[in-house]
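Chemist: Please find one structure pasted underneath; my questions will follow.
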Amino acid sequence: MTKTLKLFHVEYLPKELEPGIFYVSKEFKVAGHLCPCGCGNKIITPLGRMEWKFSENNGEATLYPSIGNWQLPCRSHYWIRKGKIKWSYSWSDERIEKGRKVEEEKRKQYYDRLQAKNKKK
Ligand SMILES: [Zn+2]
């Protein structure tokens with residue numbers, strides 16, 4: 001598992017990415033790296049105001065927001081901050097949490113409606 005990513009400025013992203021390197025092309029507003037879980041999948045992140053925000057301090061890359069590779073079998077979810085990988089909770093947990101909140105909200109709305117009905121009587 002990769003814990004750090006070295007920042008590497010390029011004009012074009014190479015076809016073969018090296019593990020542990022975060023490639024950035026400012027010309028084409030795109031960054032690429034290999035999934036840090038070790039699965040070897042290429043992760044390409046477009047950079048821009050509506051996409052990922054890349055910043056650099058002391059030669060270390062920070063990307064915002066987090067990267068969620070839910071389309072990959074590994075479902076990696078992590079942040080890149082100052083060249084370090086910060087693992088986040090998995091997407092499935094997040095989905096479960098979201099689903100639970102939706103259910104809760106539905107239940108609450110149901111009871112609120114029920115109460116409103118009862119008050120009218
Ligand atoms: Zn992976």
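The values are calculated or read from the model by the stated rules, or taken from the named source; none is laboratory data. Keep in mind the model is a prediction, meaning the values are calculated, not measured. Glycine gets a Cβ as well: all are built from the backbone with ideal geometry, and neighbour counts include every protein chain shown.
Chemist: Give the residues of the range 64-121 that are under 18 Å from TRP52 (Cα atoms), loosely packed, with under 11 Cβ neighbours inside 10 Å and at pLDDT below 90, sorted by residue number.
Modeler: GLN71
Chemist: Can you pull out every residue in the range 27-43 that is assigned to a loop (DSSP other than H, G, I, E, B), surrounded by 12 or more Cβ atoms within 10 Å (Cβ to Cβ) and within 14 Å of the ligand (Cβ to nearest atom)?
Modeler: Hits for the range 27-43 are CYS35, PRO36, CYS37, GLY38, CYS39, ASN41.
Chemist: Another question, if that's okay. From (1) touching a Pro at 6+ places or on another chain (Cβ under 8 Å); (2) under 19 Å from TRP79 (Cβ atoms); (3) surrounded by 13 or more Cβ atoms within 10 Å (Cβ to Cβ), pick out the condition that doesn't hold for LYS3.
Modeler: (3)
Chemist: Now, a different point. Need the failing condition index for PRO46 against (1) surrounded by fewer than 17 Cβ atoms within 10 Å (Cβ to Cβ); (2) more than 11 Å from the ligand (Cβ to nearest atom); (3) closer than 20 Å to GLY20 by Cβ, just the number.
Modeler: (3)
Chemist: Among the residues of the range 5-26, what is the count of those that are more than 16 Å from the ligand (Cβ to nearest atom) and under 15 Å from ALA61 (Cα atoms)?
Modeler: So the count comes out to 9.
Chemist: Can you tell me which residue is farthest from the ligand (Cβ to nearest atom) among those in the range 60-74 that are in contact (Cβ under 8 Å) with a residue 24 or more places away in the chain, closer than 13 Å to ILE44 by Cα and part of a strand (DSSP E or B)?
Modeler: LEU63
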